[in-house]
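Here's the structure we're looking at; comments come further down.
The values are calculated or read from the model by the stated rules, or taken from the named source; none is laboratory data. Since we're looking at a predicted model, the values are computed, not measured. Cβ coordinates were reconstructed from backbone atoms using ideal geometry, including for glycine residues, and neighbour counts include every protein chain displayed.
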């Protein structure tokens, strides 16, 4: 008896068409190869994730992308309900404030004379320049907010950033944290001190104010949100601390409870040798320039994460190895064309 031949999907050529939408172009790219195909699969996976009403979406926003014209995309994602929880780097959640205050970043060159830039008061982010006096003004703005808080009281980053976002909103400063505060999206920044927020704390300290940010309280508050979710989908722009923090949401929230089970959650998985419970992410998308072979988490594949219980092997996940300043605008524009209505955001109880 002759064996059946395996079903094959053939590569199809991309044809140039006038007035073609980004969404349609990505659909054509899904029949190609390499990272063009991966980007198209990311778009399809995001659409599935956002259309799944049982899924809570967590977005990790790493690096220093807010200096490169990307932060309004994050605002758009928040405003349209595509983010239920945001985890960012301190850089991304502060450097956007410079632009939101009416200051600007300058297009430049990576071949610049860096000695001359320093002398003229500019800091270089590859081919973008930012003025140090603008950066300091932003830092002093944060310090001014800090000194209005309760001294020696432990704040989680989520609590701190929500209050800061409300404060910025009253000043009409449209940043990521003010947009998130307006729409009641929790924002966590587990490495917040490694940023202008840490510098602002030093300024506040010089004026006699002691700010206390409690990392353990932050972690507990984050993990407690697991009680209010059914399924999770994760989106990583870059990797780093935001990715690791969110990945742990699937595997360590159970440690908060004596029986190692998250209340109200179903579908827990277990493994040999432990009574821990795991709640793998149902969907996962990542845009990264890091490679997996070096062993770091930023480039770690979702296949590898399955062995940890972080991703569901029966779920949908896709990674594209690409510069986020290329992929994020393309994916967001495609979503705007595919999703005809705002997504209904997850309502949180007891968070704010």
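Here is a list of conditions, (1) closer than 15 Å to residue 318 by Cβ; (2) surrounded by 23 or more Cβ atoms within 10 Å (Cβ to Cβ); (3) touching a helix residue (DSSP H, G or I) at 6+ places or on another chain (Cβ under 9 Å), and residue 94 meets all of them except one; can you say which number that is?
Status for residue 94: all satisfied but (1).
Return yes when residue 314 is in a loop (DSSP other than H, G, I, E, B), free of Cβ contacts under 8 Å to residues at least 40 places away in the same chain and more than 17 Å from the chain's Cα centre (by Cα) and no when it is not.
It is false that residue 314 is in a loop (DSSP other than H, G, I, E, B), free of Cβ contacts under 8 Å to residues at least 40 places away in the same chain and more than 17 Å from the chain's Cα centre (by Cα).
Does the stretch 37-59 contain any residue that is without any contact (Cβ under 8 Å) to a residue 12 or more places away in the chain and surrounded by 15 or more Cβ atoms within 10 Å (Cβ to Cβ)?
Yes, that holds for at least one residue.
Does the stretch 18-36 hold any residues that are touching a helix residue (DSSP H, G or I) at 6+ places or on another chain (Cβ under 6 Å) and either surrounded by fewer than 21 Cβ atoms within 10 Å (Cβ to Cβ) or under 30 Å from residue 196 (Cβ atoms) (or both), and which are they?
Scanning the stretch 18-36 gives 21, 22, 23, 30, 36.
Restricting attention to the stretch 241-258, does a residue exist that is over 22 Å from residue 286 (Cβ atoms) and assigned to a strand (DSSP E or B)?
No.
Quick test for you: out of 161, 149, pick the one residue that is more than 26 Å from the chain's Cα centre (by Cα), touching a residue at least 60 places away in the same chain (Cβ under 8 Å) and surrounded by 16 or more Cβ atoms within 10 Å (Cβ to Cβ).
So the residue among 161, 149 that is more than 26 Å from the chain's Cα centre (by Cα), touching a residue at least 60 places away in the same chain (Cβ under 8 Å) and surrounded by 16 or more Cβ atoms within 10 Å (Cβ to Cβ) is 149.
I need the full set of residues from the stretch 267-302 which are assigned to a helix (DSSP H, G or I) and either over 17 Å from residue 62 (Cβ atoms) or touching a helix residue (DSSP H, G or I) at 6+ places or on another chain (Cβ under 9 Å) (or both), in order please.
292, 293
Residues that are surrounded by fewer than 16 Cβ atoms within 10 Å (Cβ to Cβ) and under 19 Å from the mean Cα position of the chain (by Cα): find the helices (runs of 4 or more DSSP H) completely inside the stretch 172-224 holding 1 or more of those.
Correct list: 215-224.
Given (1) under 30 Å from residue 134 (Cα atoms); (2) surrounded by fewer than 19 Cβ atoms within 10 Å (Cβ to Cβ); (3) modelled with pLDDT under 95, where does residue 69 come up short, assuming only one miss?
Of the numbered conditions (1) under 30 Å from residue 134 (Cα atoms); (2) surrounded by fewer than 19 Cβ atoms within 10 Å (Cβ to Cβ); (3) modelled with pLDDT under 95, the odd one out for residue 69 is (3).
Looking at (1) touching a helix residue (DSSP H, G or I) at 6+ places or on another chain (Cβ under 6 Å); (2) buried (at least 22 other Cβ atoms within 10 Å of the Cβ); (3) in contact (Cβ under 8 Å) with a residue 60 or more places away in the chain, find the lone condition where residue 85 falls short.
(1)
What number of residues within the stretch 317-335 are part of a helix (DSSP H, G or I) and touching a residue at least 12 places away in the same chain (Cβ under 8 Å)?
11
Could you please find all residues in the stretch 5-48 being in a loop (DSSP other than H, G, I, E, B) and closer than 19 Å to residue 315 by Cβ?
Within the stretch 5-48, just 30 meets the criteria.
Can you find, within the stretch 104-114, the residue that is surrounded by the most Cβ atoms within 10 Å (Cβ to Cβ) among those that are part of a loop (DSSP other than H, G, I, E, B) and touching a strand residue (DSSP E or B) at 6+ places or on another chain (Cβ under 7 Å)?
Selected residue: 105.
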